[in-house]
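Q: My questions all concern the structure below.
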Amino acid sequence: MSQRDLHLRPAVPADLALLRHWDEQPHVIASDPNDDWAWEEELARTPPWREQLVAEVNGRPVGFIQIIDPAREDSHYWGDVPDGLRAVDIWIGEARDLGRGYGTRMMNLALVQCFAEPGVSAVLVDPLDSNTEAHRFYERLGFEFVENRRFGEDDCRVYRLTRERYAQGQD
Ligand SMILES: CC(C)(COP(=O)(O)OP(=O)(O)OC[C@H]1O[C@@H](n2cnc3c(N)ncnc32)[C@H](O)[C@@H]1OP(=O)(O)O)[C@@H](O)C(=O)NCCC(=O)NCCS
């Protein structure tokens, strides 16, 4: 299968059962044990500071990715952050689809989208401190470790990909 066959489309209310099913997968729970994504409510709204996207390979859904503007996001999850940032959450739905390059392709598409906006200076991610595979995944994409930070009940690492570093990686 060509990687070009992967694309992102908006998540819609009809994805409710799929996203709930993915939420029950052990690798998804392990990466995000304490969050309730309130899918029923959230899929019904499209706030201007967020995109919720489903990745499909040849029409088959394989993963989810969310892009937010952390300065405008309404729960202020990221606290007091400046304008010009984006924050991304990502997961592959089924364990059999892990490690097949889909996550890299999804993230690359999301990064193109983020940096297409001239005002965006950097993209943030916040894997659990224990999620060493995700750290490696982000580092390979060019993200740099910023700090350890506790979000609610979760000990996380903040990683950042600046526009400059992203551009270097595109050369
Ligand atoms: C992180 C994630 C999105 C990467 O997507 P992917 O399609 O599996 O990754 P790719 O195939 O493009 O790249 C493989 C790399 O992903 C990373 N990875 C993370 N978790 C992995 C897993 N459970 N299985 C295989 N690779 C994993 C590894 O760094 C791997 O590289 P390696 O070959 O050096 O081990 C995906 O593994 C996933 O959904 N993990 C569980 C949820 C999660 O941790 N999300 C991030 C939370 S911040």
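The values are calculated or read from the model by the stated rules, or taken from the named source; none is laboratory data. Because the structure is a prediction, the values reported are computed rather than measured. Counting neighbours? That spans all protein chains shown, and the Cβs are built from the backbone with ideal geometry, glycine included. Just the protein is used for accessible areas: all its heavy atoms, side chains included, with ligands, DNA and RNA removed. Shrake-Rupley method; radii C 1.70, N 1.55, O 1.52, S 1.80 Å.
Okay, residues lined up against (1) of a type in the set (Gly, Ala, Ser); (2) outside any helix (DSSP H, G or I); (3) modelled with pLDDT of 95 or more:
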| site | (1), (2), (3) |
| --- | --- |
| Gly99 | yes, yes, yes |
| Val112 | no, no, yes |
| Ser130 | yes, yes, yes |
| Tyr159 | no, yes, yes |
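Q: Go through the stretch 77-100 and give me each residue that's open to solvent by 30 Å² or more (accessible area, probe 1.4 Å) and over 23 Å from Arg163 (Cα atoms).
A: Result: Glu94, Ala95, Arg96, Leu98, Gly99, Arg100.
Q: Free of Cβ contacts under 8 Å to residues at least 60 places away in the same chain, open to solvent by 60 Å² or more (accessible area, probe 1.4 Å) and over 22 Å from Leu111 (Cα atoms): is that true of Ala14 in this structure?
A: Here the answer is yes, as Ala14 does meet what is asked.
Q: Could you tell me whether any residue of the stretch 148-158 is free of Cβ contacts under 8 Å to residues at least 60 places away in the same chain and near the ligand (Cβ under 10 Å from one of its atoms)?
A: yes
Q: Here is a list of conditions, (1) open to solvent by less than 70 Å² (accessible area, probe 1.4 Å); (2) near the ligand (Cβ under 10 Å from one of its atoms); (3) at pLDDT 95 or above, and Asp32 meets all of them except one; can you say which number that is?
A: (3)
Q: While we're on this one: For the stretch 61-76, name all the residues that are touching an Asp or Glu at 6+ places or on another chain (Cβ under 9 Å) and either farther than 21 Å from Val146 by Cβ or open to solvent by 40 Å² or more (accessible area, probe 1.4 Å) (or both).
A: Pro61, Val62, Gly63, Phe64, Arg72
Q: Here's a check for you: in the stretch 121-147, which residue that is among the β-branched types (Val, Ile, Thr) and within 10 Å of the ligand (Cβ to nearest atom) is least open to solvent (accessible area, probe 1.4 Å)?
A: The selected residue is Val125.
Q: Identify, from the list Glu41, Glu51, the residue that is in a helix (DSSP H, G or I) and either among the charged types (D, E, K, R) or surrounded by 15 or more Cβ atoms within 10 Å (Cβ to Cβ) (or both).
A: Glu41
Q: Given the criterion surrounded by 12 or more Cβ atoms within 10 Å (Cβ to Cβ), more than 13 Å from the ligand (Cβ to nearest atom) and touching a residue at least 24 places away in the same chain (Cβ under 8 Å), identify the matching residue among His7, His27.
A: Testing whether each residue is surrounded by 12 or more Cβ atoms within 10 Å (Cβ to Cβ), more than 13 Å from the ligand (Cβ to nearest atom) and touching a residue at least 24 places away in the same chain (Cβ under 8 Å) leaves just His7.
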